1. Under the rule of at least 5 residues apart or a separate chain, name every residue whose amide H is placed under 5 Å from the amide H of Ile216.
2. Going highest first, how would you order 266-279, 356-369 by mean Cβ packing within 10 Å?
3. Got a sec to turn the phi values of the stretch 286-302 into Karplus ³J(HN,Hα) couplings, 6.51 cos²θ - 1.76 cosθ + 1.60 with θ = phi - 60°, whole Hz, x for Gly and Pro?
4. HN-Hα J couplings of the stretch 358-369 from phi, Karplus 6.51/-1.76/1.60, θ = phi - 60°, integer Hz, Gly and Pro as x?
5. Nearest 20 debye, what's the magnitude of the dipole of the stretch 249-334 about its Cα centre given +1 on Lys and Arg Cβ and -1 on Asp and Glu Cβ?
6. Which pairs, out of Lys121/Lys342; Lys185/Lys236; Lys388/Lys476; Lys181/Lys264; Lys197/Lys493; Lys122/Lys197, put more than 28 Å between their alpha-carbon atoms?
7. Determine the gain in length on full extension of the stretch Thr395-Lys181; use 0.36 nm per residue of separation and subtract their C-alpha separation, reporting nm with one decimal.
8. For the ranges 97-104, 213-220, 163-170, what's the packing order if you count other beta-carbon atoms within 10 Å of each residue, average per peptide, and put the highest first?
Amino acid sequence: MVNRDELLSELQSWVKTNDGRSLIIQFVEQHGKYNVNLGEGSEISVGDTLHQLETDLLAEIRDLLLRSQLPSPSLEINWQEVSRRLLEERLQITTNPMTSGEDIAYQVEQVFVPLGLVERKKMPRRKQDVSPEQGSELYQEGRKKERLRRDSELVEEVEVTQQFEHEEFLKQVLQQGESPKSQGKRIAIIGEPGAGKTTLLQQIAQWISTQFPESIVIWISLADLQGNTLETYLEKRWLRRVIREAGEAEVSATDKQHFAAQFKQGRAWLLLDGLDEMQFAGNSLSEIQRQIQEGGWLQQARLILTCRLNLWDGNRNSLTNFDTYRSLDFSYPEQVEQFIEKWFAPREKGDLGQVLCAALKEAGRERIRDLVKNPLRLTLLCFNWYLKQGQFPQTQAELYQRFVDRIYEWKQEQFPTTHMQRECLNQALAELSRQAIDDADDRQQSRFRLHQNFVFNYLNRPLPEGKETLLDLALKIGWLNQVGVDADDPEQKVYAFYHPTFEEYFAALSINDGQFFLNHIPKNPMAREASYRIFEQQWG
């Protein structure tokens, strides 16, 4: 005798599979002696046995099955839980590969110091110079509209902006949707290399997961696309991993439907990290915009992306519907010292961190204090201090050389370079730096704000063993960054070194002997060959 409950359970399980309709039809055909009643929906009942199932009845059952919209989820997936689990893998700070050789690795919450953000409305127009002791100001943007003048000359015009502390940004922009263009649904976070964009995005991801329990937070490092579209990556890689971890071999059509439903219900947040690292031959900003527009359900996701200044400001920007926010530097001494304390605490070297804080306060450390307002450069300083057990290198040049080597190492995975390419780029940067400092007065512009035409003279040359130019590589590594456009000629881009101290360091590399600074000719001190740079302010 047939066990009715067992048969009912078997039929119901078949209905939930991807090809449930065909399986049930096959079952009815093979077991025609049963009277199977199938209604609209997912309900199935098994009645009395029959000796033979009429052909017409079989056809009717088949037609009913084909017409019915039977839900067929192959898996019961808790999308929120699985997205949080996958997100956890992305919460290590990006400098870990540099320090892992010393068994130093951090989760983001261990060293996170909240960074402020400033709303960016348009690219700054630059005419103002800075001192090396305040070189980080080259990358900062004003809070209110001002026409800054010096000796009746327009120096700089700063667009109206709003500055946010970390918690203010989370609540006002992301939670309350108070952003002028997208109401918090399209956000771009931009900044120079090592400005903490990825770390900030990681912290935002954790906050979203906590604040919006129904959210599905999906992290995508855009370098991982490798030529694929966002939609393809989500279906072929992210969703496929979810399904396989749940025990299924392949993603079914129903799995895709249920995944897309999360977007349609407004639950999905896509966190797109590193637009500048996206491998695309054309304009990455235009390509991302095209994918979003053509992606169907992708348009219904909330998007937060990070991007380097060079790409955001240097190309035709198609992401005009994104609200743009520029990450701010650490404040000194409050946030710099807070980071130092956090960095050394897990190593049980708190006293070493305190000694570093005290060393930074010493006279003559002004440039280093300004240099390490950038999170990456501060991390490099902490790491070097840790390796040297509480000592600066004997010379500042040695310290900056270590910074240079570490930064190349940090970028090696995204932008691989050979030894020859590094040497060639360093030499070109040295020539550029020396000339920028040496003839700043002749060019009647600052030594640290470098016009595009001037930069092209030294870096618009082919890169050895590569298809790009020296300038392309300098921008990718971050030695140069676009900081705005010229106040008098907006078509002219303005670049600056990662920090003015690096410009001075590279310039020093090109000077072989002291005669460059003092070449006195006693009988003809005004001769063209004579030089007295030692007395000139820019070389002081």
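1. Ala268, Trp269
2. Numbers: 266-279: 20.4, 356-369: 14.3.
Highest-to-lowest ranking by the protection proxy: 266-279, 356-369.
3. So the J values, rounded to whole Hz, are 5, 5, 5, 4, 4, 5, 5, 5, 9, x, x, 5, 4, 5, 8, 8, 7.
4. 5, 5, 5, 7, 5, 4, x, 9, 4, 5, 5, 4
5. Values: 8 positive and 11 negative charges, 77 e Å.
For this selection, approximately 360 debye.
6. In this structure, Lys121/Lys342; Lys388/Lys476 lie more than 28 Å apart at Cα.
7. Working it through step by step, the gained length comes to 72.1 nm.
8. Those peptides, ordered most packed to least, come out 213-220, 163-170, 97-104.
Read-outs throughout are calculated quantities, based only on the coordinates presented, and are distinct from any laboratory measurement. All figures in this text were calculated on a predicted structure; none of them were measured in a lab. Please note: Cβ atoms are built from the backbone with ideal geometry, for glycine as well, and neighbour counts cover all protein chains shown.
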